[in-house]
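This report concerns only the one structure given below.
No value in this document is a laboratory result; all are computed from the given coordinates. What you are looking at is a predicted structure, and each value in this text was computed from that prediction instead of being measured. A quick note on method: Cβ atoms are made from the backbone with ideal geometry, for glycine too, and the neighbour counts reach across all protein chains shown.
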Amino acid sequence: MKTDTRTLVLDAAEQEFADHGFDGAPLRQIIARAGVNAAAVHYHFGSKEELISSVFARRIGVMTEERLRLLDACETESRGGRPPLEQVLEAFVGPALRLTTDPAKGGKVFMRLFGRTLAEPSEYLQKVMNQHFSVVTARFGAAFRRALPQLPPAVLHWRFQFAVGAMGNIMADPHNLKEVTGGLCDPADTETAIRELTT
């Protein structure tokens with residue numbers, strides 16, 4: 001089956017951004033890798049910024065659907081009461097870490113790309129991330145408040161941020177943990193990583 005032009009460009013951009021960074025991957029390099037002409041890129045995306053946003057949108061959209069499906073199930077099971085904290089956390093971190101082992105959802109390439117957002121922060125990237133994660137942040141923020149009603153709002157925000165940071169660190173640099181632990185901890189063992197992080 002022939003891959004459509006838009007997908008070719010998204011695949012090429014995802015790989016180039018992961019390999020060279022957002023500033024280090026010029027459009028001409030992406031165009032060459034995709035095997036398309038410049039007009040096709042401008043037709044589908046308009047600008048490099050829109051291309052970056054679209055690269056994230058197609059992966060984050062799938063992850064968001066899975067997170068919300070798991071959270072819905074958790075909240076249904078708790079019947080409006082306090083949802084179990086570990087279930088809420090697993091619904092949040094599980095889809096992100098499992099995505100990294102599924103090539104159809106971006107796999108290791110997207111994992112490295114996500115790591116770039118931590119290593120190369122910018123006002124534009126932060127805006128893109130906030131836009132794509134706004135629904136998740138709102139839904140999970142409310143779920144954490146129900147799971148931990150005793151915590152002051154500021155403390156809850158700190159802890160949610162720490163959880164995001166721990167998850168991002170595993171995604172951005174999975175080889176380091178394996179190396180420094182002499183193979184004792186291997187983030188490639190996704191289910192163990194999810195269990196340890198939620199615990």
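Let me know the number of lysine pairs in the chain closer than 25 Å at the Cα, not counting same-chain pairs under 8 apart.
10
Relative contact order (percent) for the chain, with alpha-carbon contacts under 8 angstrom and 6 or more residues of separation?
Once divided by the residue count of the chain, the mean separation gives 22 percent.
Using the Cβ atoms and a cut-off under 13 Å, what net charge is assigned to the surroundings of Leu184, where Lys and Arg are +1 and Asp and Glu are -1?
Summing Lys/Arg as +1 and Asp/Glu as -1 gives -3.
How compact is the chain by the rule of thumb for globular proteins, expressed as Cα Rg over 2.2 N^0.38 Å?
For the chain, the normalised Cα radius of gyration comes out at 1.11.
Peptides 183-189, 7-13: what's the order by average Cβ count within 10 Å, highest mean first?
Result, highest mean first: 7-13, 183-189.
Suppose a student asked you for the relative contact order of the range 1-98, using Cα pairs under 8 Å spaced at least 6 residues apart; what percent would you report?
Dividing the mean separation by the residue count of the range 1-98 yields 22 percent.
For the range 101-187, compute Rg over Rh where Rg is the Cα radius of gyration and Rh is the Kirkwood radius from the inverse mean 1/r over Cα pairs.
So for the range 101-187, dividing Rg by the Kirkwood Rh gives 1.03.
Could you please state, rounded to a whole Å, how far the C-alpha centre of the range 1-64 is from the C-alpha centre of the range 152-187?
The range 1-64 and the range 152-187 have Cα centres spaced 28 Å from each other.
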